[in-house]
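Contents: one structure, followed by commentary.
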Amino acid sequence: MTGSTTPRADRVSYVSANEVAERAGVSRSAVSRTFSGAGSVAPATRRKVMKAAEELGYHANLLARGLVGEPSKIVCLIAADVGQPYHSAMIDKVTRQLQLHGKVAMLINTAGDDDSVSQALRQSLHYRAEASVVLSGSPPAKLVQSCLSNGQRVVLVNRDDDAEGAERIRIDNRSACREALALLRRAGCARLACVSSQARTSSMTTRESAFAEAAAEVGIEIDVVRVGPTSYETGQESARVLLGRSNPPDGVFCVTDLLAFGFIDAARNIFGVEIPRDLCVIGFDDVPQARWSCYELTTFRQPMDEMVARIAEILTSDTIGSDSAFEVLPVWRKTVRMG
């Protein structure tokens, strides 16, 4: 069987600002000022330009503005595991907030490791982004400084990096983990474990270490399991590892809600454990699924709305090198018994 090919039509070019100027009978700079908002334009001239632009179907090239030193309005969101409940909710809220402030969000989906995050940050420079919001990974301080020296704002969310000039938005993980330990002890739990992941992000490692340190201070040694990535399946496998032992834990702290969901389902369906009678489980993040009737998970709520509002405030102000810390509050539901 033979096929035929059809010649590809020449690519249609975009309407240029010069064409708009010619149609409106004004200068090229008048068109530029009309769409950039930089400089004054007489009302009559503005009307002519907008009428010509509508007739021709012209749209301003915002990307080109960044190439000539004008604000591009592009904000890069650098994130990994974007399908996870917490990250997807965060990205949704941040993008909506940026749009309200006239910004354009460009999501760069990374592997989460430092190398891929660094590559993403370099990519943001190629596009002349106004700012980058780092939700995953820890870029080197030298690269952050390169962004700053090129006029780009850098916002680090829940990162422990001490990058001079970058804006930091973080939560008090340590206080929350101490509170998690107190909740489990009040419930009468004596054999404790921490379910984490092999994703050695700043948030994961801080929650792990803070929970272990708080337990050590009261003479309790905990088990920490890291059997895979931060996923529902890892939570399930962690339950198989911990609950299959001869002396399983009676209290478990999971460093994310997603891990807790997998752990709870495996505990109930594989081992026949009743929660919270036989086992208490605490998560972290308070994603929407934590309220589902099949979980009703006791967890810790990150003030996401306040954090997102702070990101928008930073990106629309002249603040440099700010450090914003937010409290994380426990949300008591039904996976921890009353003491």
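What do you get when you divide the Cα radius of gyration of the range 171-273 by 2.2 N^0.38 Å, with N the number of residues?
Relative to the 2.2 N^0.38 Å estimate, the range 171-273 comes out at 0.99.
Cross-link candidates for K142: which aspartates and glutamates have Cα within less than 14 Å, leaving aside residues fewer than 8 places away along the same chain?
Result set, ordered by chain and number: D114, D115, D161, D162, E164.
Among S322, G25, I275, which residue has its Cα furthest toward the positive end of the charge dipole of the chain, with +1 on Lys/Arg Cβ and -1 on Asp/Glu Cβ?
Result: G25.
Name the residue, out of Y58, Y232, Y127, whose mean-square fluctuation peaks in a Gaussian network model built on the chain with Cα pairs under 10 Å.
Result: Y58 has the largest fluctuation of those listed.
From the phi angles alone, apply the Karplus equation (6.51, -1.76, 1.60; θ = phi - 60°) to the range 239-255 and give each ³J(HN,Hα) in whole Hz, x where the residue is Gly or Pro.
Listing the rounded values in order: 5, 4, 5, 7, 7, x, 7, 5, 10, x, x, 10, x, 10, 10, 9, 6 Hz.
Treating the beta-carbon of each Lys and Arg as +1 and of each Asp and Glu as -1, no other charges, what is the dipole magnitude of the range 131-272 about its Cα centre, to the nearest 20 debye?
The dipole magnitude comes to about 100 debye.
Tell me which lysines have Cα within less than 27 Å of K51's Cα, excluding those fewer than 8 residues away on the same chain?
Once the sequence-local lysines are set aside, what remains near K51 is K73, K103.
Which peptide among 41-48, 165-172 comes first, and what is the full order, when sorted by highest mean count of other Cβ atoms within 10 Å?
165-172, 41-48
Kindly report the accessible area of the range 278-329 per residue (heavy atoms of protein chains, probe 1.4 Å, no ligands, DNA or RNA), in Å².
Heavy-atom SASA per residue in the range 278-329 reads 44 Å².
Kindly give the semi-axes, whole Å and largest first, of the ellipsoid equivalent to the chain, taking each as the square root of 5 times a Cα gyration tensor eigenvalue.
Working: eigenvalues 501, 103, 63 Å².
Semi-axes (√(5λ), whole Å): 50, 23, 18.
Compare K93, K51 by solvent-accessible area with a 1.4 Å probe and give them largest first, with all protein chains kept in place. Mind showing how you got there, number by number?
Numbers: K93 75, K51 120 Å².
The ranking, largest first, comes out as K51, K93.
Could you sort S246, S175, S32 by accessible area so the largest value comes first, with the probe set to 1.4 Å?
Of S246, S175, S32, the descending order of accessible area is S246, S175, S32.
First compute the accessible area of the chain with a 1.4 Å probe, then give the percent of it belonging to carbon and sulfur atoms.
Looking at the chain in its full context, I get 49 percent from C and S.
For the chain, build the charge dipole from Cβ charges (+1 Lys, Arg; -1 Asp, Glu) around the Cα centre, then report which of V287, T256, T335 sits farthest towards its positive end.
After comparing all options, I get V287.
For the range 178-241, with every protein chain kept in place, what is the accessible area per residue (1.4 Å probe, Å²)?
Spelled out: the 1.4 Å probe surface of the range 178-241, per residue, equals 43 Å².
Pick from S16, S118, S203: which residue has the top mean-square fluctuation in a GNM of the chain where Cα pairs under 10 Å get a spring?
S16
With all protein chains present and a 1.4 Å probe, how do M106, M304 order by accessible area, largest first?
Working: M106 45, M304 25 Å².
If we order M106, M304 from most to least accessible, we get M106, M304.
For the range 280-339, how big is Rg over Rh, using alpha carbon atoms and the Kirkwood form of Rh?
Reported Rg/Rh, Kirkwood definition of Rh: 1.16.
Pop out the Kirkwood hydrodynamic radius of the range 240-289 from its pairwise C-alpha distances, inverse of mean 1/r, in Å to one decimal.
Kirkwood radius, the range 240-289: 11.1 Å.
The values are calculated or read from the model by the stated rules, or taken from the named source; none is laboratory data. The structure presented is a predicted model; accordingly, all values stated were derived computationally and were not measured. Backbone-built Cβ (ideal geometry, glycine too); neighbour counts: all protein chains shown. Side chains included, ligands, DNA and RNA excluded: accessible areas come from the protein's heavy atoms. Shrake-Rupley method; radii C 1.70, N 1.55, O 1.52, S 1.80 Å.
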